[in-house]
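The values are calculated or read from the model by the stated rules, or taken from the named source; none is laboratory data. Predicted model, so just to flag it, every value in this text is computed and none were measured. Neighbour counts are summed over all protein chains in view; Cβ atoms, including those assigned to glycine, are modelled from backbone coordinates with ideal geometry. Keep in mind that these areas ignore ligands, DNA and RNA; they rest on the heavy atoms of the full protein, side chains included. Shrake-Rupley method; radii C 1.70, N 1.55, O 1.52, S 1.80 Å.
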Amino acid sequence: AGPLTDRMMRDRAPTTLRGIYNYTLGAFPQFKFAFPLVAIPERIVIYLDLLRQQVGLLGIGLGVLGMGVLLWWRPRRFFLIVGMVLLHVWFFVQYRVFDLDVFFIPAHLLYAIFIGFGVAWLVRGSFIIVGERRLERAPLVIGLALVLALPVGRQLRANWEANDTSTDTTVN
């Protein structure tokens, strides 16, 4: 932000702690905490539906499994990530904007960590069942990869047309 020549931009550059707050959490105060407390459960349902749209029911199940695994394996990391998700969701369910789904992307990313731990637990369990025989692990790995790729491929196919901007030449 140092080389900015526009005075208005330079005065609002996030170069101090106050500037960082104003640029991030302090921005758009008219949108924050715009709903009464009785509306919060309905807003949480909106978030859960957005999560379901992003990861599907299989992803939600794997995430719940991953939460248990992470709590068992690394409890401090579990509480850190859960705290981050809860804080993020709590803040943005009270945000009045038309593109609310965009604001939940970091929460979805954090939930993907739980999904990863759930998948890791399943893979470890599968390897324990198969044992150390490498020849039998290969089909198992391929099968697991296909099972995990199918929901992603289905979402990709369903949303490709709406999000394909390959012919958009608005910007060179």
VAL147 vs. criteria in a helix (DSSP H, G or I), open to solvent by less than 100 Å² (accessible area, probe 1.4 Å) and over 27 Å from GLU42 (Cβ atoms): yes
Residue, surrounded by the most Cβ atoms within 10 Å (Cβ to Cβ), within the stretch 27-48, restricted to residues that are in a loop (DSSP other than H, G, I, E, B) and over 22 Å from the mean Cα position of the chain (by Cα): PHE35
Lone unmet requirement of (1) modelled with pLDDT under 80; (2) of a type in the set (D, E, K, R); (3) part of a helix (DSSP H, G or I) for GLU132: (3)
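Which residue is farthest from ILE40 (Cα to Cα), if the candidates are limited to the stretch 92-112 and must be without any contact (Cβ under 8 Å) to a residue 12 or more places away in the chain and either part of a helix (DSSP H, G or I) or not aromatic (Phe, Trp, Tyr) (or both)? Explain how you work it out, then say what you get.
Here is the first cut: in the stretch 92-112, the residues without any contact (Cβ under 8 Å) to a residue 12 or more places away in the chain are 98-99, 102-103, 105, 109.
Cutting the leftovers down to either part of a helix (DSSP H, G or I) or not aromatic (Phe, Trp, Tyr) (or both) gives us 99, 102-103, 105, 109.
Details: ASP99: 18, VAL102: 18, PHE103: 16, ILE105: 19, LEU109: 22 Å.
Ranking the candidates gives LEU109 first.
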Near pairs, Cβ below 6 angstrom, 6+ apart or cross-chain, from the stretch 50-69 (part of a helix (DSSP H, G or I)) to any residue that is surrounded by fewer than 17 Cβ atoms within 10 Å (Cβ to Cβ): LEU50/ASP101; GLY56/PRO151; LEU58/PRO151
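Working only within the stretch 150-172, note down all residues that are surrounded by 10 or more Cβ atoms within 10 Å (Cβ to Cβ) and of a type outside the set (S, T, N, Q). Outline the logic, then answer.
Quick first cut of the stretch 150-172, residues surrounded by 10 or more Cβ atoms within 10 Å (Cβ to Cβ) only: 150-156, 159.
Those that are surrounded by 10 or more Cβ atoms within 10 Å (Cβ to Cβ) and of a type outside the set (S, T, N, Q): LEU150, PRO151, VAL152, GLY153, ARG154, LEU156.
Would it be correct to say that ALA138 is over 18 Å from ILE115 (Cβ atoms) and in a helix (DSSP H, G or I)? Can you show your working first?
Details: over 18 Å from ILE115 (Cβ atoms): yes; in a helix (DSSP H, G or I): yes.
Here the answer is yes, as ALA138 does meet what is asked.
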Tally, over the stretch 49-69, of residues that are surrounded by 14 or more Cβ atoms within 10 Å (Cβ to Cβ) and not aliphatic (A, V, I, L, M): 6
Per-region count, the stretch 83-114, residues open to solvent by less than 30 Å² (accessible area, probe 1.4 Å) and of a type in the set (Val, Ile, Thr): 3
